[in-house]
Every structure is written in structure tokens, then in C-alpha cells.
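Each remark here refers to the structure printed beneath this line.
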Amino acid sequence: MNAAKAAATAAVLAKPTTANKSAVAVTRRKEEAENGGEKKREQRTSTANSSSSTTTKAQRRQSVLDQQQQPICSGFKLNWMNLRDAETGKTLWQSTDDLADPNVEHEARIPKSILKCKEVSRELNFTSEHKIDKFRLEQRVFLRGHVIEEWFFNFGFVIPQSTNTWQNVIEAAPEGQMLPASVLSGNIIIETSFFDDYQLICTSKVRLFYV
């Protein structure tokens, strides 16, 4: 083979045929697809990492809030509470137990005559070692596990290391809707949740007996 033929042969081998072009194109598409897939996987991983990071931050914030509320609960005490006939001012029931203690189910024995009152005045005295910005409470009345009534009360700002007295007036249900004491006694639980704004401080339960 002379030099001219060798050069021509080399040129033919170096120049891709139609089949070679197709093979090259397929290879490039595969590479692009693989690279695109890698980018998508990287994007998905990045998004997942971002979501995980957001969740972790939210959990950390909640953990900080929980830690902030724990001392409030430990420094909060209900010193005494009484119930009066709002019309006459007569004291019907009183207790010096810490009914805000969340670790036990409390019991209260209340005279049946309270069910005849149109309005009941409740006075409670509490101490807080810590500041509470927006002190409030929510109460739910359960009859055999079903909520039959709800009450919401707002107190406001509580000075740290202070003792406070809080009075509320509770309207009774209409006479025709009032259940007899025999049905209610021992089957009523009042669940009280104490809050600093929307952050729960503690929840306590009191089972009522009408005597």
C-alpha cells in the first residue's frame, strides 16, 4: 500500500459512518439522560435535605418552648378555690387542695343545691414563680367520656413571684336541660388546661360527686 492509499484508508476509518453517527448520538443521549438524572437526583436530595432541615428547626423551636414552659408548670400552684351562689354570695364549696396538679385525678364533693343556682361564682387563688404573658384557661366538662360543655377564661399578664385571685361567673344550663344529681355524680370530670397564650402549661382533671 502506497502513502496515498494509506492516507485515504485512514481518512475513511476516521470519518464516522451513518451507523457510527447513530451510535455516537445514542451514547450522547444516554450520557445526557444520565447527567440529567444525576441533576434531578441532586435536586431531589437537596429538596429533601431542605425539608429535613426545616423539620429539625421546627422541632428545635418546639423543644425550646417546651423547656420554657416546664419551669412555669413547676412554679405554678392553685392555693385555694371556692364556689358561691352568684345571687346570694353564699359559699357552697371550697378547697385548699392544689387542683392544678396534673399528676393525679382529683375529687370534689359538692352539694346538690349548686345545681339549682342560675349562676355560680368561682373564685380561685394561685401563685406563679414565673412570668406568664397571657394566662388563660380552657375547661371541658365530660359526662362519661363525652364533652357536654366548654368554658374559656382569660386572665392576662401574671407578674413573676406573685399571688393572684381570679373570679369568674358561670351560667348554669337552662332548668329543663339540667340532668339530675344521681346521673351526674361520679360521672362528671372537669378537665382544666392552663395556657400561656397558646402554649400549654399543664392540664388537670377533677371528678365531681354531688352529695
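The values are calculated or read from the model by the stated rules, or taken from the named source; none is laboratory data. What you see is a predicted model; the values in this text were computed from it and never measured. Neighbour counts run over all protein chains shown; Cβ positions are idealised from the backbone, glycine included.
Looking only at residues in segment 163-177 that are over 18 Å from R84 (Cα atoms) and modelled with pLDDT under 95, which one is surrounded by the fewest Cβ atoms within 10 Å (Cβ to Cβ)? If you could, list the steps in order and put the result at the bottom.
Residues of segment 163-177 that are over 18 Å from R84 (Cα atoms), as a first pass: 163-164, 174-177.
Pick out the ones that are also modelled with pLDDT under 95 and you get 174-177.
Numbers: P174: 8, E175: 9, G176: 5, Q177: 8.
Step by step, filter segment 163-177, then rank; the result is G176.
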When segment 166-211 is checked residue by residue, the ones that are among the polar types (S, T, N, Q) and under 18 Å from the mean Cα position of the chain (by Cα) are T192, S193, Q199, T203, S204
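Here is a list: P160, P180. Which entry is surrounded by fewer than 16 Cβ atoms within 10 Å (Cβ to Cβ) and closer than 28 Å to G89 by Cβ? Reasoning before the result, please.
Values: P160 fails: closer than 28 Å to G89 by Cβ.
None of the other options fit; the residue is P180.
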Residues of segment 136-157 being surrounded by fewer than 11 Cβ atoms within 10 Å (Cβ to Cβ) and among the aliphatic types (A, V, I, L, M), in sequence order, are V147
Expected output for segment 192-211 (first residue outside any strand (DSSP E or B), partner surrounded by fewer than 16 Cβ atoms within 10 Å (Cβ to Cβ), Cβ below 9 Å, 6+ apart or cross-chain) is D197/D133; D197/K134; Y198/K134; V211/R109; V211/P111; V211/K112
Test for E171: is it without any contact (Cβ under 8 Å) to a residue 60 or more places away in the chain, under 30 Å from T127 (Cβ atoms), charged (D, E, K, R) and out of contact with any helix residue (DSSP H, G or I) (no Cβ under 6 Å at 6 or more places or on another chain): yes
Return yes when V158 is among the aliphatic types (A, V, I, L, M) and more than 24 Å from V211 (Cβ to Cβ) and no when it is not. yes
